[in-house]
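To start, the structure itself, in structure tokens.
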Amino acid sequence: MKMELDAVKEEVTQLKFSNDKLEQYTRKDNAVISGLNDPHERDEDTTEKVIELANEIGVTVTRADISTSHRLGSVSATYNRPIIVRFARRDVKRALLRQRKQLKNNATHPNTFINDDLTKTRYKISKQLRVEKCRVWSHEGKILYKEDGSDDINMIDTYADFCKLQWSEHKLSELGILQ
């Protein structure tokens, strides 16, 4: 009976990862920009803010390159809500992500970051890896990381990749990956 239950848990986790991979694919044209000043106005032109930021870091972006953009979450006086951007062309998103390192020492936009739009599961995994590993980043929805003291780059995109982490059931439950 225990083996049967374990097999069902394993299958459910595999299905969750298959579903997660599909959800990540739907986010392939998206980027999330955090740290930009939030005026807390309903009629804010987030597309214009994205274009201005892109131009500052050397990427030419036009309104035609952006499908849609808006702030995430409810209005808060205590923090700047991130902006999610859906690009009409993936090459524009890639160019923006390649140039994001220009924000590192940018006096105009301190603490501004541009990242892939990750699913909740991938976000939780990358956050946990940051706790355990030295360097974590993402590329087109795939989580990449280097362990402390290693030059090897590891990737997590599939259930098989995830299994290589060998995390305990307790940790998986904490992350909401196992029920």
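The values are calculated or read from the model by the stated rules, or taken from the named source; none is laboratory data. Just so we're clear, the structure is a prediction, and the values are computed from it rather than from any experiment. Because the Cβ atoms are built from the backbone with ideal geometry, glycine has one as well, and the counts that use them run over all protein chains shown.
At-a-glance table
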| read-out | value |
| --- | --- |
| Single condition residue 51 does not satisfy, out of (1) over 19 Å from residue 102 (Cα atoms); (2) free of Cβ contacts under 8 Å to residues at least 40 places away in the same chain; (3) surrounded by 18 or more Cβ atoms within 10 Å (Cβ to Cβ); (4) over 19 Å from the mean Cα position of the chain (by Cα) | (1) |
| Sole exception among (1) out of contact with any helix residue (DSSP H, G or I) (no Cβ under 9 Å at 6 or more places or on another chain); (2) surrounded by fewer than 17 Cβ atoms within 10 Å (Cβ to Cβ); (3) small (Gly, Ala, Ser) for residue 126, by number | (2) |
| Failed item in (1) in a helix (DSSP H, G or I); (2) without any contact (Cβ under 8 Å) to a residue 12 or more places away in the chain, with residue 43 passing the rest | (1) |
| Filtered residue count, the stretch 113-170, keeping only those that are part of a loop (DSSP other than H, G, I, E, B), under 18 Å from the mean Cα position of the chain (by Cα) and small (Gly, Ala, Ser) | 1 |
| Qualifying position, being of a type outside the set (Val, Ile, Thr), in a helix (DSSP H, G or I) and modelled with pLDDT of 95 or more, among 31, 54 | 54 |
| Test for residue 67: is it outside the structural domain of residue 124 (by TED's automatic domain parsing), of a type in the set (Ser, Thr, Tyr) and at negative phi | yes |
| Residues of the stretch 139-160 classified as among the aliphatic types (A, V, I, L, M) and either surrounded by 17 or more Cβ atoms within 10 Å (Cβ to Cβ) or at positive phi (or both), total | 2 |
| Residue list for the stretch 161-174, filter: over 26 Å from residue 29 (Cα atoms), of a type outside the set (Lys, Arg) and either surrounded by 13 or more Cβ atoms within 10 Å (Cβ to Cβ) or in contact with an Asp or Glu (Cβ under 7 Å, 6 or more places away or on another chain) (or both) | 163, 165, 167, 172, 174 |
| Neighbours by Cβ (under 7 Å, 6+ apart or cross-chain): first from the stretch 152-165, under 14 Å from residue 130 (Cα atoms) and assigned by TED's automatic domain parsing to the domain that holds residue 126; second of a type in the set (A, V, I, L, M, F, W, C) and part of a helix (DSSP H, G or I) | 156/125; 156/162 |
| Residues of the stretch 107-132 that turn out to be of a type outside the set (A, V, I, L, M, F, W, C) and farther than 27 Å from residue 26 by Cβ, as a count | 5 |
| Matching residues in the stretch 1-37 - criterion: being under 21 Å from the mean Cα position of the chain (by Cα) and of a type in the set (Asp, Glu) | 20, 23, 29 |
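This table checks each residue for (1) surrounded by 15 or more Cβ atoms within 10 Å (Cβ to Cβ); (2) among the acidic types (Asp, Glu); (3) without any contact (Cβ under 8 Å) to a residue 40 or more places away in the chain.
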| residue | (1), (2), (3) |
| --- | --- |
| 35 | yes, no, no |
| 59 | yes, no, no |
| 68 | no, no, yes |
| 72 | no, no, no |
| 86 | yes, no, no |
| 106 | no, no, no |
| 109 | yes, no, no |
| 112 | yes, no, no |
